[in-house]
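Reading through the structure tokens given below for one structure.
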Amino acid sequence: MQETSGINFQKIEEKWQKKWQEKKIFEANIDDKKKKFYVLEMFPYPSGSGLHVGHAFNYIIGDIFARFKLMQGFNVLHPIGYDALGLPAENAAIKDKIHPEEYTNASIKNFMNQQKKLGLTYDWTRVINTANPEYYKWDQWIFLKMFEKGLVYEKEAPINWCPECDTIISNEQAQGGECERCGSKIEIRNMKQWFLKITDYADRLLEGHKKLNWPERTIAMQKNWIGKSYGTEIDFEINGKKWPVFTTRPDTLFGVTFMVVSANHSKLNELISEKQKKDVEKFLKKLKSVSEKDLTDMEKEGVFTGSYAINPITKDKVPVYAGNFVVADYGSGMVMAVPAHDQRDFEFAKKYKIKIKQVIEGKITKERAYTESGKLINSGNFNGFSNEEAKTKITDYLITKNLARRVTNFKLRDWSVARQRYWGTPIPLLHCKKCGVVPVDEKDLPVVLPKKVKFGKGNPLTTNEEWLNVKCPRCRGNARREANTLDTFVNSSWYFLRYCDPNNKKEIFNKDDVNFWMPVDLYIGGAEHACMHLIYCRFYTMFLHDIGLIKFEEPVPRLFNQGMINDEYGEKMSKSKGNSVEPLKVMEEYGVDTTRFFMMSEASPDKGFNWSDKGIQGSLRFVNKIFDTFEKLKFGKDSQDFLIKLNSAIKNISIQIEALDYRKSTIELRQLFDLIANQKEISKESFGKSLKLLSPFCPHITEELWEKLGHKNFISVSEWPKFDEAVFKFKTKEVDLNEKYIKYIKELIEKFELNGTSVKKVFVYVVPFEIEKLNKSKLIKGIGKELDIFSVRDEKKYDPENKSKKAIPGIPGIYFE
RNA sequence: GCGAGUGUGCCGGAGUGGUCAAACGGGCUGGACUUAAGAUCCAGUAGCUUUAUGCUUGCGAAGGUUCGAACCCUUUCACUCGCACCA
């Protein structure tokens with residue numbers, strides 16, 4: 001605590017936090033008389049190191065909104081929980097030689113204690129913990145429902161393997177060829193694995209975007225990730241067999257001079273001739289030595305397979321190459337190459353001296369293919385058509401010959417959900433020798449994680465034989481449990497539903513509760529989840545909707561991405577760099593409210609900022625000054641100036657909080673309290689209103705001063721002040737329009753009178769703020785005509801239909817009678 | 001390459017057609033208070049002079065629209081973030 005402040009913030013904080021808790025003012029209950037509002041921050045992964053500034057920032061942003069809505073009279077649900085399962089806990093536990101469960105429970109306890117110090121409006125009766133079998137039971141239950149509906153399947157596929165985490169990870173978690181958790185280079189392995197058929201929902205995930213009030217870049221990222229494209233799948237004949245190839249450019253079919261199959265294609269062997277075998281093997285070996293990450297920067301390379309493909313339309317025979325730049329699991333893993341009109345194919349053709357055949361008019365240079373549109377040439381019957389027309393015509397022609405189909409392709413892959421690690425939700429499936437894969441009976445849920453396992457290399461769950469061996473519910477024979485656990489993103493895909501009814505043991509949730517509180521009216525979290533959690537949770541919600549459990553398809557109509565907080569020099573905070581700021585230490589030193597106010601005044605919540613201790617001094621000054629002002633304040637009558645400021649603050653802050661533009665509110669509050677400090681006297685009521693405006697930002701000190709002001713209720717749940725427009729009519733200061741403007745009006749009048757129109761009266765528009773300040777008589781004198789003044793900001797708002805005021809075309813702001 | 005942004009004083013950033021040398025913070029300079037420091041308060045912080053509710057210049061750059069542009073349009077440059085060989 002700063003010695004100089006003289007105010008014991010800690011005492012005030014503890015006092016009010018205790019009172020809030022005792023009176024349960026933040027506990028949510030279903031109440032049909034009030035409108036509900038569900039504010040949610042992304043629940044944390046409880047790591048051993050406790051809260052970092054990013055957490056605090058996240059919670060405070062949500063808390064201010066929740067407090068605002070509470071004061072506006074909404075029935076607010078503002079819960080918190082812990083995303084407790086997952087690899088880091090397991091790894092940390094192994095390192096510390098304790099059980100992941102103990103590690104996690106200790107971390108949660110620590111997190112909760114720290115969160116409670118922030119003065120947040122959480123409803124602590126609704127806390128959830130995903131590591132609790134009562135929670136993950138329902139993960140398993142949903143999984144079985146998906147299994148029932150055919151959305152769960154097992155297949156051998158190339159998957160992302162993280163050697164560091166010793167497990168498979170999903171595409172979403174392996175972006176850029178690096179593990180999302182630990183940053184290790186991802187290996188591609190072929191393994192039999194469990195998938196959720198999220199691709200079934202690809203179209204609806206895209207479609208749903210239209211309904212969402214989300215940051216555009218988040219939507220753009222999701223769209224990009226889902227990657228829908230329309231095209232044509234054309235059959236080429238290779239060695240007497242049909243090979244489909246996906247293209248978005250069927251118009252260039254006459255220009256195909258070679259084919260490229262992915263070097264990772266599962267049927268590559270069928271294409272390799274005896275003669276080329278050695279070359280291909282050499283090439284594949286070389287590729288293996290390069291990680292996927294480096295591959296993206298690599299030059300396009302390939303090797304001739306020895307096979308030729310027959311172009312279905314020209315009957316040309318073109319060589320088939322195996323290449324490093326073709327994605328194995330997109331389309332059919334093979335592309336038709338048109339070097340004249342595709343830059344990649346162009347580079348490849350140059351390198352391997354393959355023929356380039358131009359089929360669209362345009363300039364091809366030494367370095368660049370022609371990728372723009374144009375008229376078709378060298379394309380048989382299709383010459384002369386624009387390439388856009390040709391896309392349709394050629395596709396139609398091929399379809400009549402049964403050589404092609406119109407298809408839609410997605411970049412989105414099915415969600416690989418199985419993890420070969422311990423600290424996750426056990427997959428509720430059994431392997432029976434007779435019956436094959438059998439789902440666990442619903443009544444046997446939850447499948448609880450066995451406590452006794454050996455941690456080390458490999459999957460710990462395979463070390464407990466007692467747990468693994470079970471009877472098959474179908475044939476009563478011997479079966480073994482599926483030893484994989486679910487990706488922890490499964491746990492977080494529906495947790496917001498559980499908050500609505502967190503302790504239900506009989507069902508996943510009470511439908512009435514969920515349909516009352518959901519959807520989440522405001523969801524706040526980091527942008528890094530755009531293509532993971534935020535896609536998964538939409539998928540889960542759609543699924544639960546489809547099986548009739550919930551009425552809505554989109555869980556989060558409004559999303560807010562908070563910015564990052566970096567250190568003073570703009571560097572990302574990290575423990576290893578030693579530049580991280582511990583929010584609780586700062587709060588101990590400066591007080592919670594000061595820190596809250598500081599964080600919100602540094603930058604808009606969506607932008608983030610570079611943390612500097614210097615800045616917090618300013619906020620401390622502000623908070624201290626409020627106490628100081630209160631001591632010196634004389635209560636009496638409000639001045640007009642102050643009433644105007646207070647009411648504009650009420651109006652502005654209400655709008656700003658609604659838009660999560662908190663930074664501007666902190667400025668407004670500074671100005672307001674500065675003005676209060678300069679008032680000779682002020683009414684108690686107005687001071688109270690000012691405190692209310694500050695309350696969401698600085699809840700403890702405003703509670704304290706509210707009490708000192710003589711109130712018996714909590715300011716936190718008092719009524720948000722109302723804006724009084726009547727106050728504004730007192731503005732009277734005079735202002736002149738600029739001389740040039742007057743001159744311009746005069747010139748116009750002259751022009752009109754020269755044309756024979758006599759001008760009797762002029763209508764002038766000014767900005768609303770100026771209208772009461774305008775020196776009208778001076779203006780009339782300047783122009784030499786009678787005039788009316790309009791308070792209109794935008795000339796487009798004028799009513800040109802109103803015949804009595806004739807508008808001069810093209811010239812805003814002046815009207816003649 | 002594609003997508004989303006950003007560019008204003010010493011710094012963070014307000015301002016999105018007329019209230020504008022530019023809010024509000026921070027920093028710096030000077031002053032008051034103090035034995036001193038801190039805290040607090042006051043003044044200054046683009047240039048010029050006639051020191052003024054003065055003039056000029058100015059909001060990445062260049063054009064344009066307008067009586068009037070940081071704000072609208074066009075071109076351009078720079079930076080940040082995200083995705084990326086998706087055919």
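The values are calculated or read from the model by the stated rules, or taken from the named source; none is laboratory data. What you see is a predicted model, and the numbers here were worked out from it, not measured in a lab. Counting neighbours? That spans all protein chains shown, and the Cβs are built from the backbone with ideal geometry, glycine included. Just so you know, the surface numbers come from the protein's heavy atoms only, side chains and all, with ligands and any DNA or RNA stripped out. Shrake-Rupley method; radii C 1.70, N 1.55, O 1.52, S 1.80 Å.
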Screening A:Val290, A:Val260 for residues that are at pLDDT 90 or above and either of a type outside the set (D, E, K, R) or more than 10 Å from RNA strand B (Cβ to nearest atom) (or both) leaves only A:Val260
Do we have A:Ser619 as modelled with pLDDT of 90 or more, under 30 Å from A:Gly54 (Cα atoms) and away from RNA strand B (no atom under 13 Å from the Cβ) here? no
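Consider A:Leu646 carefully, then state whether it is open to solvent by less than 20 Å² (accessible area, probe 1.4 Å) and at pLDDT 90 or above. If you could, list the steps in order and put the result at the bottom.
Numbers: open to solvent by less than 20 Å² (accessible area, probe 1.4 Å): yes; at pLDDT 90 or above: no.
No: the conditions fail for A:Leu646.
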Reported set for the range A:676-688 where residues are closer than 12 Å to A:Leu633 by Cα, open to solvent by 10 Å² or more (accessible area, probe 1.4 Å) and either of a type in the set (Val, Ile, Thr) or within 43 Å of the chain's Cα centre (by Cα) (or both) is A:Ala677
Among (1) of a type in the set (A, V, I, L, M); (2) within 11 Å of RNA strand B (Cβ to nearest atom); (3) surrounded by 15 or more Cβ atoms within 10 Å (Cβ to Cβ), A:Ala659 falls short only on (3)
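Answer with yes or no whether A:Ile653 is modelled with pLDDT of 95 or more, touching a Lys or Arg at 6+ places or on another chain (Cβ under 9 Å) and among the aliphatic types (A, V, I, L, M). Reasoning before the result, please.
Working: modelled with pLDDT of 95 or more: no; touching a Lys or Arg at 6+ places or on another chain (Cβ under 9 Å): yes; among the aliphatic types (A, V, I, L, M): yes.
Considered against the rule, which asks whether it is modelled with pLDDT of 95 or more, touching a Lys or Arg at 6+ places or on another chain (Cβ under 9 Å) and among the aliphatic types (A, V, I, L, M), A:Ile653 comes out as no.
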The residue that is farthest from RNA strand B (Cβ to nearest atom), considering only those in the range A:322-374 that are in contact with a Ser or Thr (Cβ under 6 Å, 6 or more places away or on another chain) and open to solvent by 30 Å² or more (accessible area, probe 1.4 Å), is A:Lys355
Scanning the range A:491-511 residue by residue, those in contact (Cβ under 8 Å) with a residue 60 or more places away in the chain, within 18 Å of A:Asn75 (Cβ to Cβ) and open to solvent by 10 Å² or more (accessible area, probe 1.4 Å) turn out to be A:Pro502
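So, of the residues in the range A:378-392 that are within 42 Å of the chain's Cα centre (by Cα) and surrounded by 18 or more Cβ atoms within 10 Å (Cβ to Cβ), which turns out to be modelled with the lowest pLDDT?
Quick first cut of the range A:378-392, residues within 42 Å of the chain's Cα centre (by Cα) only: A:386-392.
Among the residues that remain, those that are also surrounded by 18 or more Cβ atoms within 10 Å (Cβ to Cβ) are: A:387, A:390-391.
On the way: A:Asn387: 89, A:Ala390: 93, A:Lys391: 93.
Selected residue: A:Asn387.
Tell me, yes or no, whether the range A:513-525 has at least one residue that is part of a loop (DSSP other than H, G, I, E, B), without any contact (Cβ under 8 Å) to a residue 60 or more places away in the chain, surrounded by fewer than 21 Cβ atoms within 10 Å (Cβ to Cβ) and polar (S, T, N, Q). Before you say what the answer is, go through the steps one by one.
Step one: list which residues in the range A:513-525 are part of a loop (DSSP other than H, G, I, E, B), which gives A:518-521.
Okay, now just the ones that are also without any contact (Cβ under 8 Å) to a residue 60 or more places away in the chain, so none.
There is no residue in the range A:513-525 that is part of a loop (DSSP other than H, G, I, E, B), without any contact (Cβ under 8 Å) to a residue 60 or more places away in the chain, surrounded by fewer than 21 Cβ atoms within 10 Å (Cβ to Cβ) and polar (S, T, N, Q).
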When the range A:393-417 is checked residue by residue, the ones that are open to solvent by 40 Å² or more (accessible area, probe 1.4 Å) and in a helix (DSSP H, G or I) are A:Lys393, A:Asp396, A:Tyr397, A:Ile399, A:Thr400
Note on A:Gln562: of the conditions (1) at pLDDT below 95; (2) buried (at least 22 other Cβ atoms within 10 Å of the Cβ); (3) of a type outside the set (A, V, I, L, M, F, W, C); (4) closer than 27 Å to A:Asp203 by Cβ, unmet is (4)
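Do you know which of the residues in the range A:570-601 that are surrounded by 15 or more Cβ atoms within 10 Å (Cβ to Cβ) and free of Cβ contacts under 8 Å to residues at least 24 places away in the same chain is nearest to RNA strand B (Cβ to nearest atom)?
Initial filter on the range A:570-601 (surrounded by 15 or more Cβ atoms within 10 Å (Cβ to Cβ)): A:573, A:579-584, A:586-601.
Checking the rest, the ones that are also free of Cβ contacts under 8 Å to residues at least 24 places away in the same chain come to A:579, A:598.
Numbers: A:Asn579: 16, A:Phe598: 8 Å.
So the residue we want is A:Phe598.
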